[in-house]
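Following: one structure in structure tokens, then a few remarks.
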């Protein structure tokens with residue numbers, strides 16, 4: 001393949017996106033709360049060859065369930081590169097590769113290099129995608145690019161070279177994350193759209209859809225066998241507590257959603273959807289519209305968190321934006337304003353910088369400030385060195401992983417809910433422990449989960465909207481063992497005959 | 001559309017392949033039970049049937065089941081009578097293991113003949129039989145001892161003779177149909193439904209069909225009144241009753257269902273020819289909402305046929321991408337095999353295990369026959385059969401089920417000694433049987449939850465057995 005001007009710009013964009021991500025992530029040696037689960041798995045693979053399917057620390061000790069391929073990929077890199085660098089850099093490289101995929105998809109749809117380049121640029125700076133993936137060793141940093149790669153293979157399915165790529169990619173995705181189910185749902189919507197709108201679809205696409213559906217179902221049955229037997233069909237909600245589902249979906253803010261996706265892809269992507277539903281028909285556009293529908297359906301059914309859904313929508317709208325870009329400049333060429341094309345490009349660029357790049361920077365800054373602080377990490381280090389090994393520490397669900405990873409102590413609750421019985425009760429109890437005014441009730445709940453220490457961090461203050469635990473003044477039952485953030489040792493037990 | 005490429009296939013070969021596969025599949029769980037579990041029966045309900053059969057062989061048919069605190073009425077069931085008869089020359093456990101397998105193989109033979117009478121292509125018949133024998137519902141029906149295996153065999157036998165072109169003595173044929181009344185009202189309904197639709201289809205025998213249908217329904221109603229359903233309908237998800245991959249005991253693999261849906265849709269235009277199958281499929285599906293998984297064992301035969309139609313459709317349509325076609329067929333076959341193997345694995349190592357049997361044998365030697373035992377209701381049948389004690393609750397309904405259920409939960413979850421002691425005394429409960437499963441989520445999730453707290457901290461209970469994670473507590477006083 002000849003190296004052309006657009007390839008040069010594509011590489012520049014990739015480096016800019018990667019540089020942007022690395023600039024922020026390398027400002028701190030710590031990670032987002034969610035990252036610590038992933039870090040433990042990578043560590044476990046490095047040390048024992050297998051991830052932590054039996055976890056002595058999570059929820060006080062239990063069997064966990066997750067898809068391991070991503071952790072094996074990261075662990076592989078740690079044999080050549082220091083672990084911290086791998087965890088900081090590699091996920092950001094994966095996420096940045098999205099710009100290449102979006103470029104090729106947009107080029108395939110629009111046959112317009114400038115539109116494709118701009119779409120690639122837009123996709124590199126989706127605020128919510130950066131916020132969620134730049135400092136959290138997030139699984140979405142690989143699963144999302146891989147999903148869109150599969151969509152690209154689908155667009156190119158008439159070229160038989162892409163079939164084995166698609167099959168291999170699908171296989172990998174199924175072992176990385178349940179995003180493969182979104183792929184299947186999206187394809188199903190696409191087929192329905194194609195039939196309803198009398199689009200000219202090829203048999204290959206139908207065959208690919210049938211194959212993908214059966215393949216993903218079969219592999220999912222194999223992989224999720226135990227959770228399926230444990231939870232039944234409710235496994236699709238990953239046993240997420242009702243409280244978290246309610247919080248995640250309470251009062252979805254439209255303005256916030258637009259901000260997180262980016263104004264440019266949102267507005268112009270929606271315009272393209274409108275145009276191609278009501279005025280024109282274009283198969284490739286319908287493919288991505290189908291995926292947008294699939295994401296919206298999953299959001300409606302609360303199968304994915306709101307922010308995760310916005311990530312997918314942001315990228316889909318970025319791709320659809322490329323079609324708007326092409327149509328806009330075609331229109332402009334027909335008018336007297338065609339000589340102002342450069343200004344128009346500059347205008348788009350500036351608007352995009354203001355509405356996406358700057359918000360991305362602000363989101364990244366916010367993510368860093370929301371990560372465990374240095375003081376929290378020091379407190380957890382103290383816990384590791386000064387408390388018995390089998391101690392159980394009560395903290396917020398978000399802090400569960402970091403307690404396991406840094407303090408090497410058991411938690412009461414974290415964010416991996418599969419294979420946990422009565423998760424709703426547990427969440428209610430933890431919530432109550434932090435918010436109750438009754439010492440008796442607090443001690444009863446602490447006894448119920450055999451809690452030894454309570455960590456009342458800044459995160460707990462913010463999450464439970466309280467400045468202090470109202471019952472810890474009783475020195476007979478609570479001893480403060482660490483001051484900033486406060487860590488209390490629970491001493492008393494309540495019995496009842 | 002006929003799939004004629006399998007020229008190597010003959011009538012005998014087709015049946016032998018299916019027969020040998022069925023034999024292997026049905027024998028594997030049995031072999032595992034004999035080798036690893038000293039021949040213990042799998043599951044829970046087989047113990048109920050074994051106990052009833054044992055009672056019949058010693059005391060004759062009883063009018064009520066006295067092994068549950070709230071005695072429930074009992075109506076004679078042909079399967080129990082058969083087991084009791086067999087106990088004259090072999091152990092009930094051996095009979096409970098062998099009869100389901102024998103009925104399974106005979107049912108396979110009859111179904112094969114029925115498919116031949118429908119003039120289906122040989123390859124389609126073979127495919128139907130292979131999908132049938134590898135389905136979890138078939139494995140469950142013909143490895144777990146229950147009246148279902150006998151009822152299915154009799155139903156197929158009646159159907160086979162009924163569909164023979166030469167005339168059969170109507171009286172004997174009627175008896176075969178009428179025998180279904182004695183299994184359950186549901187079995188009577190299935191038989192009546194078949195006769196009804198066949199009467200519509202075959203005008204020459206419609207009078208016989210409608211009369212017999214009416215008789216079976218009425219007789220079945222009066223025979224089973226008022227206990228139409230003996231099973232306890234604990235709240236469960238329909239999907240978990242229907243799909244074996246989601247935990248159903250008598251369920252279907254997801255790929256069996258997908259293929260059946262494809263077959264149902266693609267052959268919809270031929271629905272007149274397949275009217276009976278479509279009607280039966282609809283009936284069994286609707287029965288899910290009222291009777292949980294009761295109809296699955298019967299639906300399986302219909303589903304297998306529809307699934308084979310779906311599979312053949314996928315094979316016969318022209319694929320643009322042959323690589324995808326081959327991969328799809330491989331995935332489907334792997335999916336069917338996976339469901340089968342996964343189910344065999346699950347059912348072969350299901351409870352009870354040797355430590356459970358040991359503890360119940362010990363309880364039999366220690367406790368008196370009139371002592372009532374409290375445990376999880378799903379263990380009720382084991383306790384009744386092995387230790388020969390009454391239980392407070394088992395998996396079948398009793399006349400006062402609702403009120404006992406409330407008290408049962410109070411006893412398990414209350415931490416108030418006064419309340420628990422009063423209830424234990426009211427129900428004459430002398431022993432409490434607890435295993436690790438109960439402590440790890442089946443009943444309790446925390447160490448000192450409910451009754452566990454009282455057992456550890458009160459003198460009202462004395463631990464009399466503690467081995468292999470199983471505890472037996474005696475209630476003092």
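What follows is calculated from the coordinates using simple rules that are stated; it is not laboratory data. These numbers were taken from a predicted model, which means no experiment stands behind them. Neighbour counts run over all protein chains shown; Cβ positions are idealised from the backbone, glycine included.
With viscosity 0.692 mPa s and temperature 37 °C, the Kirkwood radius over alpha carbon pairs of region B:361-402 converts through Stokes-Einstein to a diffusion coefficient of 313 µm²/s.
Over all directions, what mean area does the Cα convex hull of chain B project, stated in square nanometres? List each step's numbers first, then the result.
Details: hull surface 99.1 nm².
Projected over every direction and averaged, the Cα hull of chain B covers 24.8 nm².
Relative to the 2.2 N^0.38 Å rule of thumb, region A:121-171 has a C-alpha radius of gyration ratio of 1.36.
Note that region A:374-465 carries a Kirkwood radius of 13.5 Å, evaluated over its alpha carbons pair by pair.
Taking neighbour counts of Cβ atoms within 10 Å as a proxy for exposure, in what order, fewest first, do B:184, B:64, A:180, A:355 appear? Don't skip to the answer; put the middle values down first.
Values: B:184 25, B:64 11, A:180 28, A:355 21.
Listing B:184, B:64, A:180, A:355 from fewest to most nearby Cβ atoms yields B:64, A:355, B:184, A:180.
When only Cα pairs below 8 angstrom with a gap of at least 6 residues are kept, region A:384-488 shows a relative contact order of 26 percent.
Give the whole-number value, in cubic angstrom per residue, of the convex hull volume spanned by the C-alpha atoms of chain A.
Numbers: hull volume 80.8 nm³, N = 497.
Taking only Cα atoms, chain A has a hull volume of 163 Å³ per residue.
Indicate the gyration tensor shape class of region B:30-93 (rounded, prolate or oblate), computed on the Cα atoms with a ≥ b ≥ c the square roots of the eigenvalues: a/c under 1.5 is rounded; otherwise a/b larger than b/c is prolate and the rest oblate. Oblate.
Most tightly packed first, judged by the mean number of other beta-carbon atoms within 10 Å of their residues, the peptides A:255-264, B:29-38 read A:255-264, B:29-38.
If you take all C-alpha pairs in region A:52-204, what percent of them are over 19 Å apart?
On the way: 7419 of 11628 pairs.
Of all Cα-Cα distances in region A:52-204, 64 percent exceed 19 Å.
Rounded, prolate or oblate: which fits region A:282-324, taking a ≥ b ≥ c as square roots of the Cα gyration tensor eigenvalues, rounded meaning a/c under 1.5, else prolate when a/b beats b/c? Please list the in-between numbers first.
Details: a/c = 4.29, a/b = 1.76, b/c = 2.44.
Since a/c reaches 1.5 but b/c is at least a/b, the shape of region A:282-324 is classed as oblate.
Kirkwood hydrodynamic radius, computed over distinct alpha-carbon pairs, for region A:143-284: how many Å, to one decimal? Intermediate results must be reported in sequence, preceding the final value.
Working: mean 1/r = 0.0567 Å⁻¹.
Its Kirkwood hydrodynamic radius stands at 17.6 Å.
Shape descriptor for region A:436-488: Rg over Rh equals 0.93 (Cα atoms; Rh from the Kirkwood inverse mean 1/r). Volume per residue for region A:320-436 equals 185 cubic angstrom (convex hull of Cα atoms).
Based on other C-beta atoms within 10 Å, arrange B:149, B:334 from fewest to most. Ranking B:149, B:334 by Cβ neighbours within 10 Å, fewest first, gives B:334, B:149. In plain terms, if you count all Cα to Cα distances in the protein assembly as shown and split them into 20 Å steps from zero, the share in each step is 12, 35, 34, 17, 2, 0 percent. Using alpha carbons only, how many angstrom separate the centre of region B:308-332 from the centre of region B:68-110? For region B:308-332 versus region B:68-110, the Cα centre distance is 42 Å.
Shown here is the pair-distance distribution of region A:170-227: with all Cα-Cα distances grouped in 5 Å bins from zero up to the longest one, the shares run 4, 19, 27, 21, 13, 9, 5, 2, 0 percent.
Nearest 0.05, what FRET efficiency do residue A:27 and residue A:256 give at R0 = 35 Å with Cβ-Cβ as r?
Values: r = 25 Å, r/R0 = 0.71.
The value I calculate is 0.90.
Peptide A:214-225 has a mean shielding of 6, counted as Cβ atoms of other protein chains within 10 Å of each residue's Cβ.
Taking the helices alone, the protein assembly as shown has a mean residue ellipticity at 222 nm of -20000 deg cm²/dmol, built from -39,500 (n - 2.57) per DSSP H run of at least 4 residues and averaged over all its residues.
With the Cα gyration tensor of region B:34-164 giving a ≥ b ≥ c as the square roots of its eigenvalues, does the rule (a/c under 1.5 for rounded; else a/b larger than b/c for prolate; else oblate) give rounded, prolate or oblate? It comes out prolate by the Cα gyration axes.
Shielding of A:197-207 by partners, i.e. mean partner chain Cβ atoms within 10 Å per residue? Provide the component values of the computation, followed by the final result.
Numbers: counts 0, 0, 0, 0, 0, 2, 5, 4, 1, 4, 10.
Mean shielding by partner chains, rounded to a whole number: 2.
Each 5 Å bin, from zero up to the one with the longest distance, holds this percent of the alpha carbon pairs of region B:102-181: 3, 15, 23, 22, 19, 12, 6, 0.
Its alpha carbons considered, region B:403-475 gives a radius of gyration followed by a Dmax of 11.5, 34 Å.
Taking each residue in B:252-261, count the Cβ atoms of any other chain within 10 Å of its Cβ, then average. What number comes out? Taking the mean over all residues of the peptide, I get 2.
Computed from the alpha carbon atoms alone, the convex hull of region A:1-135 holds 139 Å³ per residue. Each residue in B:313, B:172 was given a count of other beta-carbon atoms within 10 angstrom of its own, and listing them fewest first yields B:172, B:313. Projection of the Cα convex hull of region A:258-312, averaged over all directions and equal to a quarter of that hull's surface, yields 3.8 nm².
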